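What follows is calculated from the coordinates using simple rules that are stated; it is not laboratory data. The structure presented is a predicted model; accordingly, all values stated were derived computationally and were not measured. All Cβ positions, glycine included, derive from the backbone under ideal geometry; neighbour counts span all protein chains shown.
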Amino acid sequence: MKACQSDSNKIGQMLRKALGVVCTILVLTPAAWAKQELEVPLLYVSREEPVQIPLSLLDIPPDQNGLLGAQLGLNDNQTTGNFLGHAYSMESVVATENGDIVELVRPFVEAGRVLIVADLDAADLITLADTFAEALLFNVRSTDNHLRNESCRAGIFHVAPSRAMLTDALAQFLSWKRWDELVLVTGRHENDRLYAQSLQQSMKRFGLKIVENKNWTSVPGARRTDSGHHSVQQEIPVFSRFKDHDLVLVADEQDEFGEYFSYRMTEPRPVAGTQGLVPTSWDRTQEQWGATQIQRRFHQLAGRDMTERDYAAWAALRAIAEGVTKTSSAQVQQVREYLLSKDFKLAAFKGVPLTFRGWNGQLRQPILLVAPRMLVSVSPQEGFLHQVSELDTLGIDEPESVCTQFNS
């Protein structure tokens with residue numbers, strides 16, 4: 001009987017000690033979590049853009065283009081971060097059309113927001129990268145080829161595809177279709193010239209022939225006047241008396257004339273480039289590889305379709321989160337090294353993991369070829385092979401690169 005009482009006393013003492021340990025853990029754990037929480041401060045910076053008159057009432061300029069994609073990415077990051085003790089926050093600033101981008105960004109960088117999603121053109125990107133060497137910028141807008149080549153910066157990663165990637169994707173499809181005799185029509189703006197230059201390089205790269213080059217110099221008039229359709233209907237057939245060809249390429253990034261070519265040319269031919277069949281990183285028509293899920297989530301957040309800039313901003317936020325999660329750090333150098341490593345892989349509704357190129361910081365990604373209401377194809381096309389990745393058949397490959405800022 002005494003032995004039983006002794007054993008009961010020992011068990012009681014053990015239970016009381018165990019309970020005390022549990023209580024201590026419950027009391028101390030919140031404080032421990034607070035100490036372990038990793039702050040991940042981000043900055044989204046953009047600049048006001050000149051208002052562009054839409055081609056039609058169907059083309060309403062998207063509200064907060066890019067920023068809402070970043071917000072969706074931030075929401076996704078916070079969902080994961082809640083389990084890991086990572087606290088993501090994002091500030092957003094907009095420079096005026098002629099404002100000083102450096103002075104706008106400086107206080108945020110000094111406060112530690114050095115992971116920057118940059119919705120800016122090439123000149124602003126270079127200015128920020130040269131001024132704030134401690135920051136890491138994620139380019140979600142500019143497609144300029146020189147940013148990935150002679151003007152590259154170690155502090156700029158490119159989530160948006162380059163023009164070369166877009167035009168290579170189109171050239172591969174045209175080669176696969178055997179539409180190898182082409183006409184190129186170029187608009188009157190500098191961006192149109194750059195797009196046309198990229199088209200010419202891509203067509204030559206994949207063995208296609210541009211049989212005729214023409215410049216469109218007309219200034220768009222009142223598109224919605226009663227006689228507007230009549231004047232275009234008269235003008236396009238005269239302009240489009242081209243040499244024999246399979247397809248018309250248009251370089252019209254300002255969307256001034258390219259849409260008018262379909263159904264109005266002298267010869268019935270397809271149109272591709274900035275209008276018609278368009279190469280792009282993202283589009284509302286994309287439903288493959290689970291993309292319907294992100295399309296719906298974005299629409300619930302924004303009340304509109306996801307644009308390619310929204311997609312790039314979302315992907316930038318997700319890439320940052322991958323770097324932070326895998327390194328347990330928000331330090332620029334550690335995140336940068338991980339993003340350039342072979343371990344980094346981003347799941348982004350494109351059918352394959354996306355990775356950054358080690359020689360210029362460009363995000364490898366398939367390019368969609370879309371019509372207004374349908375996904376037509378996805379490049380790289382079947383049969384275009386590469387010794388490292390088929391995605392490297394799009395854009396500036398390592399042997400072609402003159403970028404010296406990255407150690408691949």
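Kirkwood hydrodynamic radius computed over the chain comes to 23.6 Å, based on all pairs of distinct alpha carbons. Annotation for segment 253-319 versus segment 323-362: alpha-carbon center distance of 25 Å.
Within segment 362-408, report the GluC sites (Glu not before Pro) that DSSP leaves as loop and that have at most 15 other Cβ atoms within 10 Å. Numbers along the way, then the final one.
Numbers: sites: GLU382, GLU390, GLU400; in loops: GLU382.
Sites meeting the loop and neighbour criteria: GLU382.
With Rh defined as the Kirkwood radius, the inverse of the mean 1/r over Cα pairs, the Rg/Rh of segment 165-279 is 0.96.
Find the relative contact order for segment 315-408 and round it to a whole percent, using C-alpha pairs within less than 8 Å whose residues are 6+ positions apart.
On the way: 101 pairs, mean separation 17.9, N = 94.
Once normalised by length, the contact order is 19 percent.
Computed per residue of the chain from DSSP H runs no shorter than four, each worth -39500 (n - 2.57), the mean residue ellipticity at 222 nm is -12500 deg cm²/dmol.
Ranking SER389, TYR195, THR266 by Cα position along the charge dipole of the chain, where only Lys, Arg, Asp and Glu carry charges on their C-beta atoms, puts SER389 farthest toward the positive end.
Annotation: aspartates and glutamates with alpha-carbon distance below 20 angstrom to LYS350 (same-chain offsets under eight excluded): ASP76, ASP168, ASP283, GLU287, ASP305, GLU308, ASP310, GLU322, GLU382, GLU390, ASP392. Rg then Dmax, both in Å and based on the Cα atoms of segment 283-403: 15.6, 44.
By other beta-carbon atoms within 10 Å, ranking HIS146, HIS299 with the fewest at the front produces HIS299, HIS146.
Of the beta bridges DSSP finds with both residues in the chain, what % are antiparallel, to the nearest 5? Before the final figure, lay out each step's value.
Numbers: 10 of 48 bridges.
Bridges in the chain are about 20 percent antiparallel.
Here the relative contact order of the chain, from alpha carbon pairs under 8 Å that lie six or more residues apart, stands at 18 percent. Shown here for segment 241-273: chymotrypsin sites (Phe, Trp or Tyr not before Pro) in loop regions (DSSP other than H, G, I, E, B) with at most 11 other Cβ atoms within 10 Å, namely TYR263. Indicate the gyration tensor shape class of segment 93-227 (rounded, prolate or oblate), computed on the Cα atoms with a ≥ b ≥ c the square roots of the eigenvalues: a/c under 1.5 is rounded; otherwise a/b larger than b/c is prolate and the rest oblate. Judged from the Cα gyration tensor, segment 93-227 comes out oblate (a/c at least 1.5, b/c at or above a/b). Listing LEU137, LEU74, LEU346 from fewest to most neighbouring C-beta atoms within 10 Å gives LEU346, LEU74, LEU137.
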